[in-house]
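The structure under discussion appears below in the form of structure tokens.
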Amino acid sequence: MSKADRPDQPNSSERFNEDKATYTVRGAAKGEGAPDLDAGVRAIRNVLKTLPSRPGVYRMQDARGDVLYVGKARVLRNRVTSYTQVAKLPKRLLRMVSQTRGMTIVTTQTEAEALLLEAQLIKRFRPPYNLLLRDDKSFPFILLREDHPFPQVRKHRGARRSKGQYYGPFASAGSVTSTLNALQKLFLLRSCSDSFFARRTRPCLLYQIRRCSAPCVDRISKPDYAELVADAKLFLAGKSTGVQARLGKQMAEAADKKDFELAAVYRDRLRALTYVQGSQTVHSEGLGDGDIFALACKGGHICIQAFFIRGGQNWGHRSFFPAHVADVPEDEVLGDFLMQFYEDVPPPRRILVDRALPEAELIAEALSARSERRVEIDRPQRGSRRKLIDQASRNAEEALDRRMAETTTQGKLLRELAEMFKLDGPPNRIEIYDNSHIMGTNATGAMVVAGPEGFAKNGYRKFNIKSAITPGDDFGMMREVLTRRFARLEKDDPNREQGEWPDLILIDGGKGQLSAVLDIMEEQGVSDVPVVGVAKGPHHGRDGREVFHLPGGREITLPPNSALLFYLQRLRDEAHRFAIGTHRAKRAKSLTTSTLDEVPGIGPNRKRALLMHFGTARAVKGAALADLEKAPGISSAMARQLYDYFHPRG
């Protein structure tokens, strides 16, 4: 796809070619940014002057160029024209049009291509008026690596760059772990890294407990290991009948030869296979590979339940709660969800849904084009597949009920929180800050975010402390963190329209920390964001109580069994966990680096040679020029460059 022009160009630019075109049109005067329905309609009509009657994707943008909405159309001119007919628009779209000041258009060859691009752009820009799939975790897969004589089986997340076969998606890390355990019991495949494999001189514990065949020390030949790999592939593809028959035959042969120890090994593997088949198989005769989706809606909230079936095996299920679903028809919600869901996950050959989708054929065509094989979307009416849909529907309703109950409890806690701290109302965004360091080294700051729906992990932020910090100067670290945080907020959201400004700030500390934070915020010109310090009580937290410090010297304590106290402690502990994790990661990275990494021309080999010769990076730094010239692999010119780097003149 062509990359769209930046939306803040002062003049319209148009680029067309035979396949697709991208161009941006600004439709309002400079500085015109307040919601204004007439101004929005004028901006859209300005776009219509040059809009072709072709398939494509359009982006609605506000005066700053931020994307408000991404949509696709079979005929762009007809679709965009509908936004000028304000009498027919729902309130949600009226608000969007009133903020629109420009549009970016990308034309495509087909509507299916436009649908794929729409999902990609929604994932990239996360516009406030599009349905959004809120899921900050990638799905885990099982990777059977094939770039080693003895393939390794392991869990995998993220980009699929390693050479091998990927099996998934699995609904959770737990589903992957249970399947990996089954693979180890059944097929004795190695799970260790290549470096661990190369260092072994005797079998590890996994061999002793019959979870690995120990190819690292030649306890199994390469052809026999390849046979185990082939069986594992059949198992993961749902074709375990042949594997079961082969194990039974091998057990009988070993018993006939009176090799009862080997026969017992085959017996245990056969029992494990039978157990796994019974625990993973669902009533999905003939389904093979497929995903099942059902939607439940109550009180304006929507839950979509997904089941993942591969080779007739249940690889887990997950509940999704998409955002921005107000005034959007349920079938449209499910259709948009499918396109976003399969943006990062390879679609199976068959997708079962619980309702008719208005663009089912188009979605199937787009997913087929992406996966380069036929994908079908089906709504079963009877039989075993209908039972699967009914099961998914029940799970969706139950998950939505649980979610609404949790939200109700959360809402009650936030109302009590607002009352206790005298806030204007229940906070939608709480930011909790903490720092971590060891004697001032590898200092980091951390911010976690919580709201009505729990922790918002996509809002977490790490801060590498850049200024020189005196050991133990927590005030200095907090000053840098908050200064950078609010400077960024003032730049990105000066009008506080994007929901990024906190309604409450919690800091880990007592009166001193609170006073310092209030001074910092006053320097930043921020005086209307409530701040509360959370400190251990008089017994240093041994009684499970905290003291909450408020501006003006007011202090609050809560009963030890208070639900609100537990909630606030959980917020503080999450910030502490995140800060320590960030600090540990930074410290671990620092242990593998040295001052030699910063010297131009010093690569891994020269660095290794210098360290082997001098012992430490500090010794290299203090070495004389003549000593540097004697180091192996270091020329006179390189020695001079090293010496000048560590001993700059003048």
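Extending 7 Å from Cα along the Cβ direction at residue 331 and again at residue 407 yields two label points whose distance is 2.5 nm. In plain terms, the chain from residue 495 to residue 85 could stretch by 144.7 nm, reckoned as 0.36 nm per residue minus the Cα-Cα distance.
Computing FRET efficiency as 1/(1 + (r/R0)^6) for residue 528 and residue 554, where r is the C-beta to C-beta distance and R0 is 22 Å, gives about 0.75. Scaling the Cα radius of gyration of the stretch 290-401 by the globular reference 2.2 N^0.38 Å produces a ratio of 1.00. Counting every other Cβ atom within 10 Å of each residue's Cβ, 259, 508 order from fewest to most as 259, 508. The HN-Hα couplings worked out from phi for the stretch 308-320 by the Karplus form 6.51 cos²θ - 1.76 cosθ + 1.60 (θ = phi - 60°) are 10, 10, 10, x, x, 9, 7, 9, x, 9, 8, 9, 10 Hz, whole numbers, x standing for Gly and Pro. Remark: for residue pairs 72/298; 462/621; 462/491; 233/257; 163/233; 607/630, the C-alpha separation exceeds 21 Å in 72/298; 462/621; 233/257. A Förster distance of 60 Å, applied to the separation of the beta-carbon atoms of residue 345 and residue 259, puts the FRET efficiency at 0.85. 3J(HN,Hα) couplings calculated from phi for the stretch 390-397 with the Karplus curve 6.51 cos²θ - 1.76 cosθ + 1.60 (θ = phi - 60°) are, in sequence order, 4, 5, 5, 5, 4, 5, 5, 5 Hz; Gly and Pro show x. To the nearest Å, what is the center-to-center distance of the stretch 121-195 and the stretch 389-427, using C-alpha atoms only? Comparing the Cα centres of the stretch 121-195 and the stretch 389-427, I get a distance of 31 Å.
Using the Cα centre of the stretch 595-646 as origin and beta-carbon charges of +1 (Lys, Arg) and -1 (Asp, Glu), tell me which of 642, 614, 602 is placed farthest towards the positive end of the dipole. Going by the charge dipole, the pick is 614. Entry for the stretch 595-646 at q = 0.17, 0.30 Å⁻¹: log10 I(q)/I(0) = -0.39, -1.52, Debye formula applied to identical alpha-carbon scatterers, no solvent contribution.
Only Lys, Arg, Asp and Glu carry charge here, each on its Cβ (+1 for the first two, -1 for the last two); on that basis the stretch 21-125 has a dipole of about 120 debye about its Cα centre. Listed values for the stretch 202-213 are Karplus-derived 3J(HN,Hα) couplings in whole Hz (6.51 cos²θ - 1.76 cosθ + 1.60, θ = phi - 60°), namely 8, x, 8, 4, 4, 5, 5, 9, 6, 10, 8, 8, and x replaces Gly and Pro.
Where a number appears in this text, it was derived from the coordinates with a stated rule and is not lab data. On a predicted model such as this, the values are computed, not experimentally measured, just so you know. For neighbour counting, all protein chains shown are included, and Cβ atoms are generated from backbone atoms with ideal geometry for every residue, glycine included.
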